[in-house]
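Student: Take this structure, written in structure tokens, and hold onto it; I'll ask about it next.
The values are calculated or read from the model by the stated rules, or taken from the named source; none is laboratory data. As the structure is a prediction and not an experimental result, all values here were calculated from the model. Positions of Cβ are backbone-derived with ideal geometry, glycine not excepted, and every protein chain shown enters the neighbour counts.
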Amino acid sequence: MEIKTDLPSNGKVGAAKVSVFSNTVLVLTKLVVGVFTGSVSVVAEAAHSAVDLLAALIAYYAVSTSDKSPDRSHAYGHGKIENISGAVEAVLIIVAALWIVFEASQKLSAHELAKDLEFGIAIMAISIVVNYYVSRRLFKVAKATQSHALEADALHLQADIWTSFGVLAGLVAIKVTGIYWLDPVIAIAVALIIFKAGYGMTKKSIRELTDIALPDEEIAMIEKILENHPIIKGYHRLRTRRSGSKRLIDVHIILEPDLHLDQAHAVCSEIETQLKSLFSPCDVLIHEEPFMLLGTQNIEK
């Protein structure tokens, strides 16, 4: 199992640009149609797409800056920008959901029936097709580049597809039955879906910003490399975390005390190469310790 980045950073930027463009068009079109027809569910979808647009803009900024080389102020690089962007997007999603619930409640009490629903039906169908293709591209690039910002953007669009399906079905039902309250009820259902997505993203962003360790399966892959090396006598203080798409790994390895410096360096270089062949991009820091210093205490092997 290899976890590598195969696409250059300009591939991430290009995907983010496509998302920004498509979301801009959909927001404006849905808003115009929603206001014209008086459908709060279409307006809710416009708000949902507006959140997606803002997420796309944040993702574009994140992927444009997170791959910058380390500098004096950011010795570990700029990867955390992607993690922060995910947290900001999550908050915006929750705010949008609450706003939709408020507007739908107002519409529900007004007993107003939306008009010219065929326009709303058409824009929902177009939105489903556009978001399907854009989200597929974003997921593909996000997987190849391990980009959290693009993954979050793709998840927004995927959620938009399902909510657009719901709104489309609701508009057709309203058109057939003339039941006015279906429109705000559908809008509230959309808001609940948006809120759930926002909660999930908030939880994930907090975990990453607090430097939670890599997943257990990835740690097991690291341990396997260390345990299978013939010269390494043991290891301890294995620590891992993520910074954007980059994995940060550091560990203390135990070597024979009479090993020459160039041999110890060669062992570290070999381990670093193996880790980078599995996890790319990643930053590896290895500290060597003589076997006699620790004896057999607290050594994993």
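Student: Of the residues that sit in the stretch 201-237 and are touching a residue at least 60 places away in the same chain (Cβ under 8 Å) and of a type in the set (Gly, Ala, Ser), which one is farthest from residue 45 (Cα to Cα)?
Tutor: Among those residues, the one meeting the criterion is 234.
Student: Mind listing whichever residues of the stretch 234-284 are crowded, with 17+ Cβ neighbours inside 10 Å and touching a Pro at 6+ places or on another chain (Cβ under 6 Å)?
Tutor: Within the stretch 234-284, just 246 meets the criteria.
Student: Within the stretch 239-257, is even one residue in contact with a helix residue (DSSP H, G or I) (Cβ under 9 Å, 6 or more places away or on another chain) and either assigned to a helix (DSSP H, G or I) or acidic (Asp, Glu) (or both)?
Tutor: yes
Student: Report whether or not residue 126 is assigned to a loop (DSSP other than H, G, I, E, B) and either crowded, with 24+ Cβ neighbours inside 10 Å or out of contact with any Gly (no Cβ under 9 Å at 6 or more places or on another chain) (or both). Walk me through how you get there before you give the answer.
Tutor: Numbers: assigned to a loop (DSSP other than H, G, I, E, B): no; either crowded, with 24+ Cβ neighbours inside 10 Å or out of contact with any Gly (no Cβ under 9 Å at 6 or more places or on another chain) (or both): yes.
When the stated conditions are applied, residue 126 does not pass them.
Student: Run residue 203 past the list (1) under 15 Å from residue 93 (Cβ atoms); (2) buried (at least 17 other Cβ atoms within 10 Å of the Cβ) and report the number of the one that doesn't hold.
Tutor: (2)
One line per residue, one yes/no per condition, for (1) on the phi < 0 side of the Ramachandran plot; (2) of a type in the set (A, V, I, L, M); (3) without any contact (Cβ under 8 Å) to a residue 24 or more places away in the chain; (4) in contact with a Phe, Trp or Tyr (Cβ under 7 Å, 6 or more places away or on another chain):
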| site | (1), (2), (3), (4) |
| --- | --- |
| 131 | yes, no, no, no |
| 137 | yes, no, no, no |
| 145 | yes, no, no, no |
| 155 | yes, yes, no, no |
| 160 | yes, no, no, no |
| 175 | yes, no, no, no |
| 178 | no, no, no, no |
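Student: Look at the stretch 209-228 and say how many of its residues are among the charged types (D, E, K, R), crowded, with 16+ Cβ neighbours inside 10 Å and touching a strand residue (DSSP E or B) at 6+ places or on another chain (Cβ under 6 Å).
Tutor: Going residue by residue through the stretch 209-228, those that are among the charged types (D, E, K, R) are 211, 216-218, 223-224, 227.
Those left that are additionally crowded, with 16+ Cβ neighbours inside 10 Å: 218.
With touching a strand residue (DSSP E or B) at 6+ places or on another chain (Cβ under 6 Å) added as a condition, the list becomes none.
Summing the residues that are among the charged types (D, E, K, R), crowded, with 16+ Cβ neighbours inside 10 Å and touching a strand residue (DSSP E or B) at 6+ places or on another chain (Cβ under 6 Å) in the stretch 209-228 gives 0.
Student: Can you tell me which of (1) of a type in the set (A, V, I, L, M, F, W, C); (2) in a helix (DSSP H, G or I); (3) surrounded by fewer than 18 Cβ atoms within 10 Å (Cβ to Cβ) is the one residue 231 doesn't meet?
Tutor: Answer for residue 231: the failing condition is (2).
Student: All but one of (1) buried (at least 24 other Cβ atoms within 10 Å of the Cβ); (2) within 26 Å of residue 201 (Cβ to Cβ) hold for residue 132; state the number of the condition that does not hold.
Tutor: Of the numbered conditions (1) buried (at least 24 other Cβ atoms within 10 Å of the Cβ); (2) within 26 Å of residue 201 (Cβ to Cβ), the odd one out for residue 132 is (1).
Student: Could you please give the count of residues in the stretch 231-276 that are under 27 Å from the mean Cα position of the chain (by Cα) and not acidic (Asp, Glu)?
Tutor: So the count comes out to 15.
Student: Can you go through 105, 109, 127 and tell me which one is in the same structural domain as residue 49 (by TED's automatic domain parsing) and at pLDDT 85 or above? Spell out how you get there, then give the answer.
Tutor: Values: 105 fails: at pLDDT 85 or above; 109 fails: at pLDDT 85 or above.
Among 105, 109, 127, only 127 is in the same structural domain as residue 49 (by TED's automatic domain parsing) and at pLDDT 85 or above.
Student: In the stretch 220-250, which residue that is among the hydrophobic types (A, V, I, L, M, F, W, C) and closer than 15 Å to residue 276 by Cβ is modelled with the lowest pLDDT? I'd like the intermediate steps shown before the answer.
Tutor: Initial filter on the stretch 220-250 (among the hydrophobic types (A, V, I, L, M, F, W, C)): 220-222, 225-226, 231-232, 238, 248-249.
When the remaining residues are screened for being closer than 15 Å to residue 276 by Cβ, the result is 221-222, 225-226, 248-249.
On the way: 221: 91, 222: 92, 225: 89, 226: 90, 248: 86, 249: 90.
Of everything passing the filter in the stretch 220-250, 248 is modelled with the lowest pLDDT.
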